[in-house]
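The values are calculated or read from the model by the stated rules, or taken from the named source; none is laboratory data. Quick caveat, the model's predicted, so the values are computed rather than measured. Every residue, glycine as well, gets a Cβ built from its backbone with ideal geometry; the counts of neighbours run over all protein chains shown. In case anyone asks, the SASA skips ligands and DNA or RNA and just uses the protein heavy atoms, side chains included. Shrake-Rupley method; radii C 1.70, N 1.55, O 1.52, S 1.80 Å.
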Amino acid sequence: MTSPAPYAIGIDLGGSSVKSVLVTAEGKALSKDQHDFDAAAPMDWAMMIRDLVLRYESRQGVPASWVGLSAPGLAARDGRSIAHMPGRLKGLEGLHWTEFLKRETEVPVLNDGHAALLGEAWLGAARGFEDVIMLTLGTGVGGAAIVDGKLLLGQIGRAGHLGHTCLDPEGPPDVCGTPGSIEVAIGNCTLRERTGGRFETTHDLVAACSNGDDFAKTCWLKSVKALACALGSFINILDPEAILIGGGIARAGASLFEPLEEFLRPVEWMPGGHRVKIIPAALGAHAGAFGAAWNGLGVAKATL
């Protein structure tokens, strides 16, 4: 009997669910899963992750060659834990995943936004780009950047948190204390305030726009224009080949991307007519899990 091919497990821990993939070293997805956990139950997410790994290995009949994990917050400099994640997922800060999962090889840990871009660079819409930015639009606004072929991390892992860029110094602060940030301008977390309580989700707001609601259209286009101005600034700062847009709000499709292009082009600096590509992310909700798996592969190979 032929032994199963070596495989990696990628785990992406979110605020209310765990997304996971089982994938070969060549990038062939063998399984993709998503499981909700009870955020009020202490460490329920951690036990779920441990059970997922055991279940995958039992199904395959051999242990995973590599395991990688991504989660909200700032990853520790040694890449073995999340060093800073206040307010949510109590017990995550400082949890040493290699020890917790009882692995013989290291389980590297990444910020979830960083992992999503790595996943897209491996198997998605960012393949082949040496300089690329990604924004994930959802409850908040996540981000990451690859510069000169390397993931931008910074001194303590804050690099790439593009959603916390200030657009309005007089605006309300976001969760990081940044006034009038991109997250404040377009994140679902502020939609109720931005629309005077009329809308609870961006999906409903965009649907109302399509049905001819002038108030909804004004609110939506104001947010998209703010996003476009932010992208213009990122282009000047990092000079990317492309900008990927992902997250739940990106599922608005043409209702997002068409006005975004219209608002961006007048503010984009285009020497010699050069224009930056604006591209929908390709891997959907599992981008972070694929990125975590890729990181597990890379860290393990680097230590051989």
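Details
- Pairwise Cα distances in the chain exceed 33 Å in 25 percent of cases.
- Helix-only arithmetic for the chain: the sum of -39500 (n - 2.57) across DSSP H runs with n ≥ 4, divided by the residue total, places the mean residue ellipticity at 222 nm at -10500 deg cm²/dmol.
- Relative contact order (percent, whole number), region 1-68, Cα cutoff 8 Å, 6+ residue spacing: 35 percent
- Value of relative contact order over the chain, rounded to a whole percent, pairs C-alpha under 8 Å and six or more apart: 22 percent
- Only protein heavy atoms count here; under a 1.4 Å probe, T24 has an accessible surface of about 10 Å².
- Counting every pair of alpha carbons in region 160-207, the share spaced more than 12 Å apart comes to 59 percent.
- C-alpha center-to-center spacing [region 200-227, region 51-73] in angstrom: 40 Å
- Max mean-square fluctuation residue, GNM over the chain, Cα-Cα springs under 10 Å, options I146, I279, I133: I279
- Cross-link pairs exceeding 26 Å between alpha carbons, from the set K32/K225; K28/K90; K32/K217; K222/K277; K150/K225: K32/K225; K28/K90; K32/K217; K150/K225.
- Counting only the Cα atoms, region 180-270 fills a convex hull of 96 Å³ per residue.
- Per residue, the accessible area of the chain comes to 48 Å² when a 1.4 Å probe rolls over the protein heavy atoms.
- Of L153, L191, the residue with the largest accessible area leads and the full order is L153, L191 (1.4 Å probe).
- Solvent-accessible area assigned to carbon and sulfur over region 146-226 amounts to 54 percent, based on a 1.4 Å probe.
- Neighbours of T201, meaning other residues whose beta-carbon lies under 14 angstrom from its beta-carbon, give a summed charge of +1 when Lys and Arg score +1 and Asp and Glu score -1.
- Its residue count N fixes a reference of 2.2 N^0.38 Å for region 1-59, and the Cα radius of gyration divided by that reference is 1.25.
- Translational diffusion of region 28-96 was estimated from the Stokes-Einstein equation, with Rh taken as the Kirkwood radius over Cα pairs; at 4 °C and 1.567 mPa s the coefficient is 95 µm²/s.
- Short-range pairs are left out: with C-alpha atoms under 8 Å and at least six residues apart, the relative contact order of region 132-223 is 18 percent.
- Ranked order, R88, R127 - accessible area, probe 1.4 Å, largest first: R127, R88
- Compactness of region 224-304 - radius of gyration and Dmax, Cα, Å: 15.9, 50
- Region 38-140 - Debye-derived log10 I(q)/I(0), Cα point model, q = 0.14 Å⁻¹: -0.66
- Cα-based convex hull, region 146-304, per residue volume (Å³, whole number): 142 Å³
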